Each structure stands twice: as structure tokens, then as C-alpha cells.
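Worksheet: the structure to be examined is printed underneath.
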4 protein chains.
Amino acid sequence: MLPLPNQMASTKPMRAIFAARGGAQALLDVEAALARANAALGMISAEAADAICAACHARTLDCAALAQAGAHAGTIVIPLVAWLRSQVPDHAEAVHRAGTSQDIIDTALVLQIHRGLSLLDDDAAAMASSLAQLARTYATTPMLARTLLQPALPSTFGLKAAHYLTMIDDLRGALRAAATEALTIQYGGAAGTLDGVSTNAPAFIAAFATALGLPAPALSWHTRRAPLARLGCAIAAGLGSLGKIATDMILMMQAEVAELAEPAAAGRGGSSAMAHKRNPTLSILVRAASLRAPHLAATLLSAIPQAHERAAGEWQAEQAVWPDLMLTASGAFAAMRETLAGLVIDPAAMARNLAFAPGVVVSAVIPALIERACAQHDTCSDEP
Amino acid sequence: MLPLPNQMASTKPMRAIFAARGGAQALLDVEAALARANAALGMISAEAADAICAACHARTLDCAALAQAGAHAGTIVIPLVAWLRSQVPDHAEAVHRAGTSQDIIDTALVLQIHRGLSLLDDDAAAMASSLAQLARTYATTPMLARTLLQPALPSTFGLKAAHYLTMIDDLRGALRAAATEALTIQYGGAAGTLDGVSTNAPAFIAAFATALGLPAPALSWHTRRAPLARLGCAIAAGLGSLGKIATDMILMMQAEVAELAEPAAAGRGGSSAMAHKRNPTLSILVRAASLRAPHLAATLLSAIPQAHERAAGEWQAEQAVWPDLMLTASGAFAAMRETLAGLVIDPAAMARNLAFAPGVVVSAVIPALIERACAQHDTCSDEP
Amino acid sequence: MLPLPNQMASTKPMRAIFAARGGAQALLDVEAALARANAALGMISAEAADAICAACHARTLDCAALAQAGAHAGTIVIPLVAWLRSQVPDHAEAVHRAGTSQDIIDTALVLQIHRGLSLLDDDAAAMASSLAQLARTYATTPMLARTLLQPALPSTFGLKAAHYLTMIDDLRGALRAAATEALTIQYGGAAGTLDGVSTNAPAFIAAFATALGLPAPALSWHTRRAPLARLGCAIAAGLGSLGKIATDMILMMQAEVAELAEPAAAGRGGSSAMAHKRNPTLSILVRAASLRAPHLAATLLSAIPQAHERAAGEWQAEQAVWPDLMLTASGAFAAMRETLAGLVIDPAAMARNLAFAPGVVVSAVIPALIERACAQHDTCSDEP
Amino acid sequence: MLPLPNQMASTKPMRAIFAARGGAQALLDVEAALARANAALGMISAEAADAICAACHARTLDCAALAQAGAHAGTIVIPLVAWLRSQVPDHAEAVHRAGTSQDIIDTALVLQIHRGLSLLDDDAAAMASSLAQLARTYATTPMLARTLLQPALPSTFGLKAAHYLTMIDDLRGALRAAATEALTIQYGGAAGTLDGVSTNAPAFIAAFATALGLPAPALSWHTRRAPLARLGCAIAAGLGSLGKIATDMILMMQAEVAELAEPAAAGRGGSSAMAHKRNPTLSILVRAASLRAPHLAATLLSAIPQAHERAAGEWQAEQAVWPDLMLTASGAFAAMRETLAGLVIDPAAMARNLAFAPGVVVSAVIPALIERACAQHDTCSDEP
């Protein structure tokens, strides 16, 4: 069971992917694809592949026992394969044929991340829609621009929303680009030399990739971890952008400023000691994630220098970071989506605070700037 | 359920403290102590306190539902208090009297860390004993000293073990010192002003501290987080020291060097693809922890600047880090303890590799150095 | 004067860009471009622009005094503009027209990074050429593949070099992609509202961008820092890849393994105390950089949440990180380039160490894998 | 010459210690002490020691050339010793007798840190004095306590200052304790075996320590880096505490809150574009330092696992971090000292903002809490 804070700061669908059972399922999905690839090349029978695939379901797996056995063996794959063989006693030899721990584990992680990113992108798309609407609706609603937390010049809330929109569009584009580079199957065999399938390696790899719906790279990436680390950095940078928006929200929700409020929900934002309080609950969750994410991404960067053909520590360190990063991201993305969908804006308060800046007029160019951001957004969104 | 890698890299007793149920239990332990303090000052009846304390058991709590409700409310304490009140309907008003979310959560975290550090210290004490024995046994067993991973001069394995011993002694001393500074009760009331108990604050705080067996600080530490962060840094530094030893082990276990082996255990260190391999499974786990820990500690450092009387993000970020740090430490400490207890040493291989250094003699001062480290260790160990 | 370690671990051309005078020159280059843009729109005279551009040389600037005055004022731009005005007394009013500190500082940083990346790419291109040659030359030179630092299966040194080659190609592609996204001019005016040029903003921005030879973004990026942070992460990931290669080198240079040596150079790799030593000096420098870079990149990620229209701390933190990251990268890139250009390979030692693996044959598919990596490299290198 | 941002964010006395010439001087100070120790044991003549000590001044040293030669040799000590020998041609043999690069470099770093911490402690002592006075002066000046950046309950500015005071006292105590553990001489010889002085090691070490005025540890700490890393963490934690205070200042200086102002100084806090602005210049510098410091400390933690008897990368990574950390700290400490010495407080604004909290009275216990913090401070300050 996840520690309470991690569980509170994540979403149920992401937990389904990254908590123990989801992790085991991803490993089994890869074993199933391995069986399909073996069958495609005639290395095991179609019947064996069917039986293995039918057994590759984590529903009845004792995940705690599996983890304990994996800790003893030094890799989760040894007890998992033993369990899978026990499920298909007639085809035990066909299980994990031409398989290597790292290939299974890396590809399963890629599957999990791929599934998780799809959840994040849904949230980000919804954020962008909300922001495009806010930008246009409040294009000429004047408010203070603030630099160094001091009143600077008049601007509009629409321009602020347009800037947020470019951040979300940037985030989505960056995640998509980084995922394209990083999320490929891993298949190199025991030491990157494709020993188990050396006579027909290209066909085997193609069949394995097809079974998983993922592309295959030119060479296996057993110790080429930079693309995965950069994907982690792109997620952390995206959380930083959400953290920027959340920071602004919290500042604008201060009682002395009072320009915004998070969407109200029964039972949210209360205090166990002070009944009068309305706390920026969602934004706080986002900021907490944005504080942690740089350090999670940095762990991935620190783990890149992986010795020889499989690292003794760096690779293993990566594996604990990814669930944490994706779970953390899920909570923050969901919270920001909800915030932006129901943001409560007080134009009168914005107008009132304008008095803190000298009597200059709002720049005439702002509506054009907003349109430029919205047009760019429309272009991004049209891309497949 | 914890993601598989986190579960594999931790120990069962530490999971009992930091996974969801252990976290809920710590919160309930604090609510119980709060009830005792209230009763001691006559703010609630002794009968109510007894009933509350009797109900403060997490056994039957639905931790997943609690986490979900906590995520909605913005703090776990609101649904926890609601649940506790439902358990003692006749004394519902007495529950959480003079309580504040942050006081409950911070003090519960302190309890958890206190319990977890005791596990780590047990492991470290065992490591030190093994090392003191190794240092003396192999005091004059010659081996290469290596600098920049090149042969330098002859030394002895006993001196290497003596250096490890000073690292473990240093680790234990540092954890104890940092814990003394950081692990105090938190009680400040809703905003650090002790409003709920202002007429008899010192007595109330003393009763609360007594009920928990923890000291009370001069002022509440709602936003004075440096001591807790330094404790996290001391743990990370300790994991770094274990990582140093594990790195050496892995290097000495290379087939070309072959001076050491991890203790053998049936079914450990095998490969799912290569039957001939013996992997440094325990040392790898330690190195992975030592790679992650600096980033976890840095998150705590990043979270120190907490605004006003309770932070909007930094405080919340801390809470997700501590379980991860303690769980990670538990696996690494247990693995290193096991490694050192059963280390297999090959003096002949050590002697053989001496040929890579020029023909100088082993420094005569080494036995005296080893004795100095062992004597210092004996002194440390005698301390309470 | 840089601290000794920073100076030792960087190259002279990168220091020319990022040490104080190079930084001042970049700021002056931006002021010159600002003058050109002003002149293009008739906001200042062509004569004034010419005079300003002629004065924008840091040669005679007292950089230490400038830094001190900047520290007092809170921004380097105020004393820099004062100095520039003093250089062109007849056109003092025309200096810094429509200029804002952040626009000047951000754009100057972009210029510096742009120049620095060009140096790094030169080094990386040379590394890739060396590696492509090594991959083909040693395509069938057998050596151990090692997993978890234990002997695994036979492979070839050519395949190892081919894997390194894909890492360098990946690094170059990633830096180019991240630079394209991040390295655009910054122009938003005092608060992102383009106040100073609101009547003809697009033309002004275009002229400013043209003068600098950099693209202009849709909106200014005063507080949209994710692209710059991702560029920093790509550099850190690239240093991680170099760190992977350096780690392998150091392991293969161990006396007990002895498969490789760094290129010899008179007076390098010696010991001040042990005359017999040959240290992996270049690889050590690379590893040190790869250890630091993740933390520098993480600082950039931590600095993304920048409040309102200019941050009070996060933006300023970025500025100290970039010189450090680029200087560190320069030393590591140069060292790895030199290492790969002169690597000394001992096929006999590689063959000897093969005895540590069981008697399997080298996978027949390896030459095809190498060709695939080299073909991919040729494609990358043909791109503009 | 330091990059402009590093120079702006540090103080002149700290630059004198950590920039190139200060670094070279510290190395020469250690060479001088080595000569004294050699002379004390009769290993070199007193005349030679006198000549060497007289030559150990960095004034005329070409630091840039030294760094370049050090980069080539792989250690700064080789060219430094060559230079020193050239300065005392008659005693060239006596220079660096029984010396090893790492002993010289580590001990020089300890000297630099020792000198730098003394500067930081002066600043911290001044901060504490200012805060003790503020706490007592404003003990009953009511202001809002704010939690999660929302109005919570009434408190007083004196209590806020008392909390800050406990943070500074904590910082000072932590730095002193960590320095005591970490700042000892390094002397182990080429590989930690004291080869050069094995017949009279204790006397030699004692003489070396005496010459430097630093304690000697039980064993050399060539690869026991945890104490130094924890000292770095204590500095980072202290910067976090300053960052907390600076964050509060910036929030209280917002125009809409207006409870505080930084001390005014001619020409500070202005804007190059907006004449009406008064920026929180000093607090921004502090916050920037507090953002960077956790990552610098984490680098030290990441560098703890140092292989065998001298690391190939981790040790070298440390050396670049320390100057950066100390220079960064110097600027932040000086800025916070200046801020607290001249803080402008507006009790009327504080009273006005109280209206945002419900009509409860200020807790009666506050003056007692303040006295407790001040009494604790007085006790700390009396310690030697």
C-alpha cells in the first residue's frame, strides 16, 4: 500500500498503471509479446503462445510475495517467469524464450510510461482548452502585471491566460517529442548482442515491436539512458510550468489581493482548526509536485552513466523513480485541470489593485498578442 | 500497494511503519496523545481520553478511502478525525480538541522517523561489529591500495575494513545527533500562537510530549524545517557511505579482480538468461539507494523556505519524501548488514593483484591505524 | 578570477564566452541590436545607432566594478547602461531606448549559450567521427560484454564503439532540437506588454531579432522558462552519456583489466607521489562533470515556477547556473574528444579476458548491428 | 574572472578566499605547514623550512597558467610544487617532502572553508542580534499569522521575529557542530597508508596539524567524505532558513500587503524601465541562493561513494562545488544581515490587514514565547 502522501497526491488511473499490480501486468504484457514474437518465427508453437498470452494476467498474482522473491533473486523477472510457467505447465519451456530480465523490465516500463503519458496529455489538453477560452474572454480585463512581486504596469488577465496557454502547449509538444525518442521497445538479449535470436534478429525484433505497438530502435538501449532521462526532465519541466501557474494562483488568492479563487467544492479547502479559511488546496498540491519533480528528474540524469552492458546500481535506481514521477505528475495535472476548468475570477478586484501602478494605459497591442498565442494553440492542437 | 521497485528495495518492518496503515497509525497515536494531554489539563474527561485512546487503532481503517477523502479535503486529518469521532460517538466532541492538522501530521512523521531510525541503527550496529572483526582479522592481509582506480601502494584488507568502520561509526553518530535536534513534538496550534491552550500552554505541551515520549522544543517548528532537512541529509550521507563500501565491493568482485564475494544464498544473484553468473545483488541495491538519496535529501532542503506560518507546497512536498527516504534506506542498510556479516574474502587473490604495484613493502604503521579505529569504535559503542 | 577547479575543468574558448568579460560583451551585443531595431523604426537616428554600436565593446570595461555596481542596483543593466551612455555622450538618450533589464539579460544569455553550444557541437562531431571509425575498425575484435560488472557474453569492441556512437548522435540531435526551441530573442518590455513599442511591436521585434540572427517567439518568455531548462537538461543528459563512456574507460583501464589506455601526453596522468602511475586523467574530468551536471540541470528545473511577470529569485538563480553548466561541459567535451581521438586499444588483453565467460561464440549479428549504427550516423551527419 | 552573476552574488572577502588566488594561497599554506612538520621531525632542515615558508605566497603566481598546467597534469599540485621549487632553488628537494596531492588539496579546502565559515558566522551573529531586538521591540505589535498564504489568526511581529531568531540560532549551532566534525587536517600519504612517514607517523601528523591550527582525525578521510558533505548540507539548510525569511519579506513587501520594506539605499531597487518601482533586491538575492544551495549540497552527497583509496571523479566533483557554495552563501548572508539591520516596519499596515481574519484576540501566551526564544538565544550566544 502506498504511503498516504503519495496516494493523496496521485490519481486512481495512474495508480492502476504504476502500483504493484499495474507493474506486474506490464511485465506480463511484455512476456506475452515475447511469446507472440517467438511464435511468429516458429521458435515456439502458436498453441504455446496462445496459452502463455491467456495466462498473462496479474489479477491473481500475489504481488507482495512476488516483490519479496524478486528482492531475493535480485530481479523481479526470475520469480515472475517461475509463476508464469506454473500457470502453463504444458508450455513451461516456451515461457520467456529468448528473454532477458532487462529487456522485459525496460519494455514494461516503456509500456507503463506510454499509458501514463496518455492520461497526462488528456489533462493537459483540457487545461489548454480552458486557458484558450479564458484568454479570449478576459482579453481586455485589466489587471496589474507584477515583476519581482511588485506592481509593474497594467496588463490584462487574458494576456496572463495566453501566457499560461503557451506554457501548456509547450509542455504537450515537449512530452510528445521526448516520448517519440524514448518510448521504443528494448530488445538486446542478455548482453546487447542478440545471442538468443542471432540468426533472424530483425524479424524477431519486428514481431516483438508489432505485438506491443511500439517502435524498435536501431540498437538496443541497455546503457543508452539519455532519451528516457530527457523524457523525465520534460515531465519535470512541465510540472514546473504548472507550478508557475499554481504559484500565481496562490498569490492572487491572498486575501489582500483577492483576484481569483479556486473552484469551490463541498468539503474542500477547509481547516481542521479554523472554520473561516478557504485554502488554495489544488494549487498547493501542484506546487508540492513542482518542488519534488526536479529532484526526481535529476535522479534519472544521475543514473545515465551506466557501466558496460548493464549497470550495477544506476539502472536499478531509475526504476524506483519512474512510478514516483508519474504518480506525482498525475495528481498535479488533475488538480490543475480542475482549477482551470472552474477558476473564479474577480475583475473588480483586479481593477482595484491597478491603483498600485502609476496611471499608464493598458498596452494596445495586448489583444493581438493573445490572438497570436491562441492561433499558435489552434495549430498545435490540429496536429495528430 | 507500493510500486514493485520500492517494495523490492525496502524491508518489511520499515514498510510496516511507512506504508499507508503505519502512517495512519502514527496519526492516531498522536491523536491519542492529544487526548491524554487534554485529559491531564481537565479539558476533556479521563473517560473520554480512555475511549479515544482505545479507538486509536488503524487495523480496521480503510486507508485507501481515507487517502481519497484527505486528497479532497486538502488534509488527511479532517477525514481521520471524522472517522475517529464515528468510533467514539459519545465522546465525539473530545476528539482532536485543541488539535491542528499540521501539529498532528508533523508529530506523526516524527514518530515514524523515530521508529524507523531505530531499525536503521540496529543494522548499522551490526555492520560496525562485523567490520571491527574484519579489521582485526585481516589487519596484516596485504592487498593493493588503489587510487583513481589504478594500483597505488600495498595496504591491507584490515585497513580497508577499518576505514569502513569509521564510516559506519560516523554515520551512527551523525544520525543520533541529527535525530536529537529534529525529533521533537510539534505543537503550535492553528498558527503557531497556541491559541487553543493559551492559558496553560506549558503544562499542555509537557503533557503532550510526555504521552509521546518525545522532547518539546522552545518554539513550535511549523516553518523551521532545517533540523528535519539536516536529518534527511544525514541519512543520505550515511547511504553515501554505504554506497562507497558497495562500490568497492562491486569493483573487488569483478572477475578480473576476484578478491571478494557477497555471501551466497540459494537463488540469489542468478541471471534469467546466463546460468554462469554470480551478481553482486546486495551491493547493487545499496548503490541504487546511494544514487537516489542525495536527490531525496535535496528535496527536503528545497522545501525549507516555507512561507509565513504554514507553507503552500513546501511542507506538503516534504511529506512524500520521508517515506521514500526511509524505505530506501531500510533496504540498503539491511543489504549491507547481510553483506558484511557473510563477506567472502580471498587473500590469495589479493596477494596476486599486489603484483600490479611496484615492489614496495606494506607500511609498518597499518596495525596501529587499525587499532586506533577500533578503539574509537569501542568508545562510540559504549555511549548510551 | 574563476576558482581554480572551475578554471581547470573548462576550456579557454568557453571561458571567453562565459567569464565576466564575455558576459559583458553579450549584454553589449544586445544593446547594439536594440539600437539597430530602434533605428530601423526611426525611434533613434541612424547616426546614434552607429555610435552606440561602435561603443558596444567590453574591452575597456572594468568588469569587477560593473559587477559590484550591479549587485548594489539589483541588476547589472543599470550600471552597464550608465557606462554605455558615458561612452556616447552625444547620444546618451538613444541608449537602451525601449529596453528592459530582463530582455537584455535573457537575450544576452541566449547569445552566450548559442555560441557555447557551437563549441560543444564541434567536439561532439569529432567524437562521433572517431567512434564511427573505431566501430568499423574493431567490428570483429572480440571482448567481454559485462553486465552488473560481471562477465556476461562475448561481444566485440566495435559493437561497444557503435553503442557509444549512437549516444553521441543522440546527444547532438537532442542539443540541436532543444536549442531550436529555447534560443529565441526575449523582448516583452517592462512587463511583457510591449509598452515601449506598442504601436509597431511586430516590426520592432523583427528588427531586433534580425540584428541578432536569432528567431522571435510568438510571445515573450519572461516567465516561461521550461524550454531553457530542458536545454540545460539535454546538456546534462549529454554529459551523462559522456560519463557513461568515461566510466567504461576507467574500468577498462584498471590494471587487472588493461584493455584500454587514454592517449599519452608528456606530463599528463602522473602522480605527485607515485612515479609508476598512469591515471585516467581525461576520463576522470568527464566523470566529475557528469556527476555535477544533473544537479545544475535540476536547479534550472527548480527555477521554472517564476511568479507573475518576473520572478523574485528563480530567474536570478538561473543566471548563475548557466555559466557553470557550460564551462563544465566544455572541459568534459574537450577531454572526451581527445580521449576518443587517441584511444589505445589492446585486442590481446580483450581476448585474454574473454576466458572469464563460458565458451560461447560471438553473436553473428554484431557486424550488422554496427553497420546499422554507422548508417544511422551517416544520415544524422548529412543533416544541415 | 568569475562570471558576472557569481561575482554579483558574493562578497569581496569570500572572493578573496575562494577565487583563484585565494585557492592557490591555501595550497601554499599547506605546503608551508608540511615543511614545518618535516622540519619538526628532522626530515628537512629548519633553514629549508624557513625558506619554503617565506616563498609560500601566491602574490606573484600566475594563477591562470597554474590552472592550465594543472588541467594538463591532472592535478594542480604538480605545477604548484614545480613553481615552489623554482622559488627556492637551494631547497628544491625539501619542498613537498612526504606530500601527496590529495592531502594538500583536501587540507587547503578545509582551510578555505574554515576561513569562509568565520565570515558567515559574523553575519549570522549580527542577524541574530537584530532579530532579538526586533522580537522584543515588536513583541505585542499585532499582525496576521498566515497559513497556506491565507489569513489565519492574529499574532505579533515580535513572535515572527522570534521564530526567525530560533532559525538563525539553529543555523549557527548546526554550522559549528558540522565544522567541528568535518574540518580536520587530511594526511594519509599516497594511499592512506602513511608510507612516507611510517616510522613516526603520529608525531608528524601532530606537527602538521599544529602548524595549521586544525585538529587531526583518527584516520585520514581520503574516501570518507560524509562529514564534509554534511557540512555542505548544513550550509544549504541555513540558506534555506534565510530563504524562508526572505520569502516572508517579499510577501510582506507586496504593495497590497505593504507591512515591511527593505532598508533603502541610494540607487538600489530601482528598475531600468519603471521609475516608480522599489524592488526587494536583497531578499531576491537571498531567495536565489536558497534555490541553488540544495542542488550544490546534493552534489556533495552524490560524490560520497568514492571508490577504493581515491575516487576517479567524485572527489574532483566536490572541489568545484565548494567555492560555488561558499561564494553563494556569502552574498546571501551579507544581504540578510543588511536587511535585518535596517528593516522598515509598518505597524499600521499590519493592524489594517488584521481585518482579514475573524475577530479573535491575540493569544496571551505570545510574550512568553518570545522571551523563551530570546532566553535560548542568550544561552547560545554565551557559548564560546
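Here are the numbers for this structure:
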item: Solvent-accessible surface (1.4 angstrom probe) belonging to A:Phe204, in square angstrom, nearest 10; result: 0
item: Rotational relation D to C, axis-closest Cβ in chain D, residue and distance rounded to whole Å; result: D:His295, 2
item: Taking the convex hull of Cα positions in segment C:209-274, its mean projected area over all directions (nm²); result: 9.3
item: Under 5 Å, built H, 5+ apart or other chain: amide partners of B:Gly189; result: B:Leu194
item: Long-range HN-HN contacts of A:Ser155 with modeled amide H, under 5 Å; result: A:Met143, A:Leu144, A:Ala145
item: Helix-derived mean residue ellipticity, 222 nm - over chain C, DSSP H n ≥ 4, -39500 (n - 2.57), to 500; result: -21000 deg cm²/dmol
item: 29 Å Cα-Cα threshold exceeded, pairs from A:Lys160/D:Lys160; A:Lys12/A:Lys160; A:Lys244/D:Lys160; A:Lys160/D:Lys244; B:Lys12/B:Lys160; result: A:Lys160/D:Lys160; A:Lys12/A:Lys160; B:Lys12/B:Lys160
item: Accessible area (Å², 1.4 Å probe, nearest 10) - C:Cys56; result: 0
item: Unmatched cysteines, chain A - criterion: no other Cβ of a Cys under 4.7 angstrom; result: A:Cys53, A:Cys56, A:Cys63, A:Cys374, A:Cys380
item: Within-14-Å neighbourhood charge of B:Phe157 [Cβ basis; K, R +1; D, E -1]; result: 0
item: The protein assembly as shown: C-alpha gyration tensor shape, a/c 1.5 cut-off, then a/b vs b/c; result: rounded
item: Heavy atoms of D:Trp83: accessible area, 1.4 Å probe, square angstrom to 10; result: 50
item: Label-to-label distance, nm, for residues given as B:Ala206 and A:Val361 (7 Å Cα→Cβ offset); result: 7.1
item: Karplus 3J(HN,Hα) series, Hz, for segment B:111-122 with 6.51 cos²θ - 1.76 cosθ + 1.60 (x for Gly, Pro); result: 4, 4, 4, 4, 5, x, 5, 5, 4, 5, 5, 4
item: Acute angle (nearest 10 degrees) that the helix B:314-341 long axis makes with the longest principal axis of chain B, alpha-carbon atoms; result: 40
item: Estimated distance in nm for a label pair at D:Leu41 and C:Ala264, the labels positioned 7 Å out from Cα along Cα-to-Cβ; result: 3.4
item: Selected from A:Val77, A:Val286, A:Val360 as most flexible by GNM, with chain A as the system and alpha-carbon contacts under 10 Å; result: A:Val360
item: Calculated FRET efficiency for the pair C:Thr60/A:Ala348, C-beta based, R₀ 56 Å, to 0.05; result: 0.55
item: Candidates A:Leu327, A:Leu119, A:Leu109: whichever shows maximal mean-square fluctuation once chain A is modelled as a Gaussian network with Cα springs under 10 Å; result: A:Leu119
item: DSSP-defined beta bridges in the protein assembly as shown - what % are antiparallel, rounded to 5; result: 90
item: Value of relative contact order over chain A, rounded to a whole percent, pairs C-alpha under 8 Å and six or more apart; result: 23
item: Nonlocal amide H pairs with A:Ser45, under 5 Å, H built at 1.01 Å; result: none
item: Accessible heavy-atom area order of A:Met253, B:Met1, C:Met43, highest first, probe of 1.4 Å; result: B:Met1, C:Met43, A:Met253
item: Whole-Hz couplings from phi, Karplus 6.51/-1.76/1.60, listed for segment B:98-109; x for Gly and Pro; result: 6, x, 10, 3, 5, 4, 5, 5, 5, 5, 5, 4
item: Top of A:Gly213, A:Gly243, A:Gly189 by mean-square fluctuation, Gaussian network on chain A, Cα under 10 Å; result: A:Gly213
item: Inter-chain shielding of B:251-263 (mean C-beta neighbours from other protein chains, 10 Å cut-off); result: 4
item: Karplus-derived 3J(HN,Hα), 6.51/-1.76/1.60, for each residue of segment C:3-12, Hz, glycine and proline x; result: x, 3, x, 5, 5, 5, 9, 9, 10, 4
item: Pseudo-label separations to other copies for C:Asn200 - Cα-to-Cβ vector, 7 Å, nm; result: 7.1, 8.0, 8.5
item: Tensor-based shape of segment A:5-381 (alpha-carbon gyration tensor, a/c under 1.5 rounded, otherwise prolate or oblate); result: prolate
item: Inter-copy label distances at C:Ala46 (7 Å, Cα→Cβ; nm, one decimal); result: 8.0, 8.1, 10.0
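The values are calculated or read from the model by the stated rules, or taken from the named source; none is laboratory data. On a predicted model such as this, the values are computed, not experimentally measured, just so you know. All Cβ positions, even for glycine, are placed from backbone atoms using ideal geometry, and neighbour counts span all protein chains on display. Accessible surface is based on the protein model in full, side chains and every heavy atom, while ligands, DNA and RNA are left aside. Shrake-Rupley method; radii C 1.70, N 1.55, O 1.52, S 1.80 Å.
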